[in-house]
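Trainee: The structure is given below, and queries will be raised subsequently.
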Amino acid sequence: MTPLPAEMLVRGSSFCVGSQVSAISLKGKGWLALLVGIGVRPGRKGIPAAPRFDFQNSQVGSQAVIAARDRMFERKIAVGAGTLAGMVGMGEHDALENRYTPRFEALLSESGVVVGYRRDRAGIDTGLHLFAREERTSKNQDGKPYWRALAGRVWFQLKGIHESTMSADKFRSADHITITVDSEHLKFWYAAPEPVYLVVYIEAVDLFVGTDVRELVERQWGQSFYASMRERNGKVSVRVPTTALMNPLRIAELVDHRSMRIDGPAFRGRPLGHRMDPLRSVLACPSADLWRRIAMRILQVHDFREASREPSGELTFVRGVLAQTLLWQSPALAEYGYQYADDVRDEPVPEQIFGRTFIILDSARDRTALSDEEGRALDGFLNKAAADDASVAVFFRGHDLSGTGGLWRSTLHESVVGDRNGGWRQLGLEALSSLVLTATLVYLEFAPDLDWENPHYLH
């Protein structure tokens with residue numbers, strides 16, 4: 001009798017099993033059903049028919065057949081229903097995940113639109129396109145709820161902890177939960193251009209806790225994170241604070257996150273979120289209210305700590321401390337064109353203010369003089385600045401080299417601060433434009449309301 005190869009050959013009701021087992025003729029539909037159940041298809045093209053032998057008269061014998069069958073069972077090649085139980089099904093962790101994932105996405109949907117990947121290949125479970133809750137006036141002049149889409153998304157990786165692993169008492173007494181994640185995933189989440197949160201569901205207390213992965217990494221590793229990960233492969237343990245509850249209020253606060261394109265031209269190695277040249281682009285004159293809000297926002301993002309504010313006519317006198325250096329270059333003094341293609345263009349001299357600062361905001365358009373009231377208030381303000389040895393800066397709603405700019409130069413030159421070392425600084429629309437374009441968050445905040453008189457673009 002000729003031995004057959006170590007593969008199953010089926011034609012009709014014949015089959016072969018084992019490395020050197022002869023073909024056996026097996027009668028009955030039960031054996032054929034068993035073969036079909038393990039993935040063997042009878043009558044496949046290209047498979048030669050096995051020789052037929054009568055089971056009772058074959059030299060193999062019933063014991064050999066039983067032994068061969070048992071080996072198939074042990075290898076999980078075919079066991080009917082038993083094999084299917086090992087191939088498909090759902091465990092406790094899957095059941096838990098099926099419960100908490102839709103609940104968390106329902107929680108997210110209160111603050112935006114849930115988004116996700118069609119295939120899980122980025123180590124991220126779900127996401128949220130952020131929307132801001134506002135009111136829009138209807139035809140009946142009453143406020144109707146309105147959701148405004150924001151330019152930001154937040155992503156979430158979800159984990160679950162069974163009640164048998166962490167009890168309610170154990171959760172309440174712990175200050176953090178330790179979770180094991182893949183080190184490559186952690187590096188990916190940390191460097192992602194949009195925020196990624198690691199969120200843990202605690203079955204025992206039916207709560208979600210979560211934290212921004214960037215904050216998690218900086219709290220646990222600081223600036224040594226990448227160095228710590230260089231020699232590490234596989235899993236790494238991270239800690240999620242138990243106080244960081246992911247409830248509707250916390251998720252609503254995620255609107256502070258922003259997304260920004262950084263694939264455009266950079267300015268001195270910094271992505272700006274736009275293509276305009278900060279040294280050669282000038283704002284069209286905004287309204288007095290918008291101009292004032294932009295100027296104060298520029299001061300605020302440089303950590304200006306306001307002490308007092310007093311209006312007088314179209315002037316506003318603001319006193320405080322600049323905790324970060326306010327540095328600018330005015331496009332009014334920049335070289336715009338090229339004499340030759342490879343020429344280096346002249347740039348404006350950098351100017352700055354820092355520390356105790358007295359600021360004058362002049363919202364007038366095309367000012368030619370100060371009123372008596374404004375003049376008296378200005379004299380008193382400058383005398384206090386000189387007594388405090390504070391910096392003085394005037395923001396005005398006109399071009400740097402305009403008549404308004406000339407008026408302020410002559411006025412301050414003749415004042416008590418005119419002879420001081422360093423004198424004063426003044427910022428017209430050109431200087432303000434440069435500050436807006438280099439303070440990316442300020443630009444993104446005001447961009448829909450800004451018009452540009454003279455835009456130039458980076459390449």
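Trainee: Among (1) more than 20 Å from the chain's Cα centre (by Cα); (2) within 25 Å of Y226 (Cβ to Cβ), which single condition is D182 missing?
Mentor: Here D182 meets the rest and fails (1).
Trainee: Now for a separate question. Looking at (1) assigned to a helix (DSSP H, G or I); (2) closer than 28 Å to R172 by Cα, which one does K187 not meet, given that it meets all the others?
Mentor: Result: K187 fails condition (2) only.
Trainee: I'd like the full set of residues that are of a type in the set (S, T, N, Q) and surrounded by fewer than 17 Cβ atoms within 10 Å (Cβ to Cβ), limited to the stretch 242-258.
Mentor: Those that are of a type in the set (S, T, N, Q) and surrounded by fewer than 17 Cβ atoms within 10 Å (Cβ to Cβ): T243, N247.
Trainee: Report, by residue number, each residue of the stretch 224-241 that is surrounded by 14 or more Cβ atoms within 10 Å (Cβ to Cβ), assigned to a strand (DSSP E or B) and over 19 Å from the mean Cα position of the chain (by Cα).
Mentor: V236, V238, R239, P241
Trainee: Something else: How about the stretch 314-367: which of its residues are outside any strand (DSSP E or B), open to solvent by less than 90 Å² (accessible area, probe 1.4 Å) and of a type in the set (F, W, Y)?
Mentor: Hit for the stretch 314-367 is Y336, nothing else.
Okay, residues lined up against (1) hydroxyl-bearing (S, T, Y); (2) touching a helix residue (DSSP H, G or I) at 6+ places or on another chain (Cβ under 8 Å); (3) at pLDDT below 90:
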{"site": "H257", "(1), (2), (3)": "no, no, yes"}
{"site": "M260", "(1), (2), (3)": "no, yes, yes"}
{"site": "G264", "(1), (2), (3)": "no, no, yes"}
{"site": "L279", "(1), (2), (3)": "no, yes, no"}
{"site": "A284", "(1), (2), (3)": "no, no, no"}
{"site": "R292", "(1), (2), (3)": "no, no, no"}
{"site": "A295", "(1), (2), (3)": "no, yes, no"}
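Trainee: Among the numbered conditions (1) within 18 Å of R356 (Cα to Cα); (2) touching a helix residue (DSSP H, G or I) at 6+ places or on another chain (Cβ under 9 Å); (3) open to solvent by less than 50 Å² (accessible area, probe 1.4 Å), tell me where V436 comes up short.
Mentor: It fails just one condition, (1).
Trainee: I'd like to check something: does the stretch 108-131 contain any residue that is in contact with a Lys or Arg (Cβ under 6 Å, 6 or more places away or on another chain) and surrounded by 12 or more Cβ atoms within 10 Å (Cβ to Cβ)?
Mentor: yes
Residue-wise test of (1) in contact with a Leu (Cβ under 9 Å, 6 or more places away or on another chain); (2) within 26 Å of K384 (Cα to Cα); (3) modelled with pLDDT under 95; (4) not acidic (D, E).
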position: T316; (1), (2), (3), (4): yes, yes, no, yes
position: T325; (1), (2), (3), (4): no, yes, no, yes
position: W328; (1), (2), (3), (4): yes, yes, no, yes
position: Y338; (1), (2), (3), (4): no, no, yes, yes
position: A341; (1), (2), (3), (4): no, no, yes, yes
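Trainee: Suppose we filter the stretch 200-223 for residues that are open to solvent by less than 50 Å² (accessible area, probe 1.4 Å) and either in a helix (DSSP H, G or I) or of a type in the set (A, V, I, L, M, F, W, C) (or both); how many remain?
Mentor: Total meeting the criteria: 12.
Trainee: Further question: Applying the selection to the stretch 190-199, what residues are at pLDDT 95 or above and either in a helix (DSSP H, G or I) or open to solvent by 20 Å² or more (accessible area, probe 1.4 Å) (or both)?
Mentor: Listed by number, the list is empty, since nothing qualifies.
Trainee: Give all pairs with beta carbons closer than 6 Å in which a residue from the stretch 438-459 that is assigned to a strand (DSSP E or B) meets a residue that is open to solvent by 60 Å² or more (accessible area, probe 1.4 Å); count only pairs at least 6 apart in sequence or on separate chains.
Mentor: Y457/R275
Trainee: Test V301 against the stated conditions and say whether it is open to solvent by less than 10 Å² (accessible area, probe 1.4 Å) and either within 23 Å of A385 (Cα to Cα) or at pLDDT 95 or above (or both).
Mentor: Against the criterion (open to solvent by less than 10 Å² (accessible area, probe 1.4 Å) and either within 23 Å of A385 (Cα to Cα) or at pLDDT 95 or above (or both)), V301 does not qualify.
Trainee: Still on this model: Which number in (1) open to solvent by 100 Å² or more (accessible area, probe 1.4 Å); (2) modelled with pLDDT of 80 or more marks the one condition that F104 misses?
Mentor: (1)
Trainee: Right, another one. Is it true that some residue in the stretch 260-277 is farther than 22 Å from A377 by Cβ, open to solvent by less than 20 Å² (accessible area, probe 1.4 Å) and free of Cβ contacts under 8 Å to residues at least 40 places away in the same chain?
Mentor: Scanning the stretch 260-277 turns up no residue that is farther than 22 Å from A377 by Cβ, open to solvent by less than 20 Å² (accessible area, probe 1.4 Å) and free of Cβ contacts under 8 Å to residues at least 40 places away in the same chain.
Trainee: In the stretch 156-167, is there at least one residue being touching a helix residue (DSSP H, G or I) at 6+ places or on another chain (Cβ under 8 Å), crowded, with 17+ Cβ neighbours inside 10 Å, in contact (Cβ under 8 Å) with a residue 60 or more places away in the chain and under 26 Å from V217 (Cα atoms)?
Mentor: Yes; the residues of the stretch 156-167 include at least one that is touching a helix residue (DSSP H, G or I) at 6+ places or on another chain (Cβ under 8 Å), crowded, with 17+ Cβ neighbours inside 10 Å, in contact (Cβ under 8 Å) with a residue 60 or more places away in the chain and under 26 Å from V217 (Cα atoms).
The values are calculated or read from the model by the stated rules, or taken from the named source; none is laboratory data. Since the model is a prediction, treat every value here as computed from it, not as a measurement. All Cβ positions, even for glycine, are placed from backbone atoms using ideal geometry, and neighbour counts span all protein chains on display. Surface areas here come from the heavy atoms of the whole protein model, side chains and all, with no ligands, DNA or RNA. Shrake-Rupley method; radii C 1.70, N 1.55, O 1.52, S 1.80 Å.
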